[in-house]
Amino acid sequence: MPWFIAMVSYYISLRLKQFVRFFSFNGIHPLIGIVVLLFLFTIASVTIFQKLPYAVWIYVVLALFSLLELQPAKMNVILRQQLTADTFFKAKLLENILVTIPFLVFLGYKMEWGAATLLLVTIVPYSYYSFSLPKPKLSVLPSPFPAYAFEYHNMFRMVMPVYAIHLLLLIVGVISGNFYVMLVPFFLLLFVMQTAYGLPEEASYIWLYRCNAARFLQKKMLALLIAYAGSFLPFLLTGLVFYPSSFGIVLLCFIAGLIAMLGALFIKYQFYPSALVTQITQIIFLGFAVSAIASPPVFIIILLFIGFSYLRAKRNIKSILQC
């Protein structure tokens, strides 16, 4: 029994470390990433229950889909080779329950005890097998972004499912006939795109441009505009075609998102090469940019900050580009 407890505890501790390192590897400080992830999860859960029919069953399906998506297929093969079937089942049962705890907590908050029980009952037999969804075998996933936009290439390949979820939720917003459901995928994708500027690159990536600081920032802005316009074109078209009366709000969101992205770009080079300060400032700025949709005075403040941040960024990277 002590050996079993030690083995399962060690495996769970490794999985938790992998979860924390996921944020670091994607250029996000773990503390910031976990807080933002919980916030987005809560907002998405509330929106599903408020806006969608049969929300509780959709929620259970999403929980099971998350469980399938997060299965470490290669690690499961190794565990089956090293552990007995009973030990494998107990380790995976504990892991799968931990994965679904956020869903179970929210179902409990909504007093949906039947759905929570169904989810738990489904997890038990599934833990014997713990199979995962098949993944496409691609050596390099083609990216739709410009050649110099390396931030977006990395982000696209690491979080490509977010784009699929973005389009799926746009479709849900159209089918449900609720305009505000369509705003959820916009802010989800906006946050993910902003993280592309959360991790400063090596100085050599800046030096390769071999131009002055103003020209460097102009090139980065051009790449940003192309990537941003292409990413949110479905959002604009959906709002124009299906919600013409609310297109003004769609356009305001689009502009606020673009401002948030420009701010993230300048903040990155303003505080270069500090990753933690950069990410904290970007998150705060994103909040101000979103709030500017309903408050014109805030809009003026963030425009002034962007100008200030641009000047600081240009001064900060000038020495690198002149090497």
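For segment 38-55, name all the residues that are in a helix (DSSP H, G or I) and either of a type outside the set (S, T, N, Q) or in contact with a Gly (Cβ under 6 Å, 6 or more places away or on another chain) (or both).
Matches in segment 38-55: 38, 39, 40, 41, 43, 44, 46, 48, 49, 51, 55.
Just one of (1) aromatic (Phe, Trp, Tyr); (2) touching a Phe, Trp or Tyr at 6+ places or on another chain (Cβ under 8 Å); (3) farther than 29 Å from residue 177 by Cβ trips up residue 271, so point out which.
Just one mismatch for residue 271, condition (2).
Which of the numbered conditions does residue 267 fail, given that it passes all the others? Conditions: (1) more than 25 Å from residue 300 (Cα to Cα); (2) surrounded by 21 or more Cβ atoms within 10 Å (Cβ to Cβ); (3) under 22 Å from the mean Cα position of the chain (by Cα).
(1)
Spot the failing condition for residue 58; the list is (1) surrounded by fewer than 17 Cβ atoms within 10 Å (Cβ to Cβ); (2) within 20 Å of the chain's Cα centre (by Cα); (3) closer than 17 Å to residue 172 by Cβ, and only one is missed.
The failed condition is (2).
Given the conditions (1) touching a helix residue (DSSP H, G or I) at 6+ places or on another chain (Cβ under 6 Å); (2) in the same structural domain as residue 196 (by TED's automatic domain parsing); (3) at pLDDT 65 or above, and given that residue 164 satisfies all but one, which numbered condition is not satisfied?
All conditions are met except number (1).
Here's the yes/no breakdown for (1) buried (at least 21 other Cβ atoms within 10 Å of the Cβ); (2) not small (Gly, Ala, Ser):
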| position | (1), (2) |
| --- | --- |
| 225 | no, yes |
| 235 | yes, yes |
| 239 | yes, no |
| 242 | no, yes |
| 247 | no, yes |
| 257 | yes, no |
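Quick grid of which residues meet (1) of a type in the set (Phe, Trp, Tyr); (2) surrounded by fewer than 17 Cβ atoms within 10 Å (Cβ to Cβ); (3) under 25 Å from residue 179 (Cβ atoms):
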{"position": "33", "(1), (2), (3)": "no, no, no"}
{"position": "38", "(1), (2), (3)": "no, yes, no"}
{"position": "42", "(1), (2), (3)": "no, yes, yes"}
{"position": "48", "(1), (2), (3)": "no, no, yes"}
{"position": "54", "(1), (2), (3)": "yes, yes, yes"}
{"position": "63", "(1), (2), (3)": "no, no, no"}
{"position": "69", "(1), (2), (3)": "no, yes, no"}
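Spot the failing condition for residue 279; the list is (1) within 22 Å of residue 222 (Cβ to Cβ); (2) buried (at least 21 other Cβ atoms within 10 Å of the Cβ), and only one is missed.
Against the list (1) within 22 Å of residue 222 (Cβ to Cβ); (2) buried (at least 21 other Cβ atoms within 10 Å of the Cβ), residue 279 comes up short only on (1).
So which residues in segment 306-323 are touching a Phe, Trp or Tyr at 6+ places or on another chain (Cβ under 9 Å) and either surrounded by 17 or more Cβ atoms within 10 Å (Cβ to Cβ) or among the polar types (S, T, N, Q) (or both), if there are any at all?
Listed by number, the residues that qualify are 306, 309, 310, 313, 314, 316, 317, 320, 321.
Kindly state which helices (runs of 4 or more DSSP H) lie completely within segment 198-297 and contain at least 1 residues that are hydroxyl-bearing (Ser, Thr, Tyr) and over 15 Å from residue 316 (Cβ atoms).
Fully inside segment 198-297 and qualifying: 203-207, 213-242, 275-291.
For segment 181-223, how many residues are aromatic (Phe, Trp, Tyr), buried (at least 20 other Cβ atoms within 10 Å of the Cβ) and within 25 Å of residue 322 (Cα to Cα)?
Qualifying residue count, segment 181-223: 2.
The values are calculated or read from the model by the stated rules, or taken from the named source; none is laboratory data. These numbers were taken from a predicted model, which means no experiment stands behind them. A quick note on method: Cβ atoms are made from the backbone with ideal geometry, for glycine too, and the neighbour counts reach across all protein chains shown.
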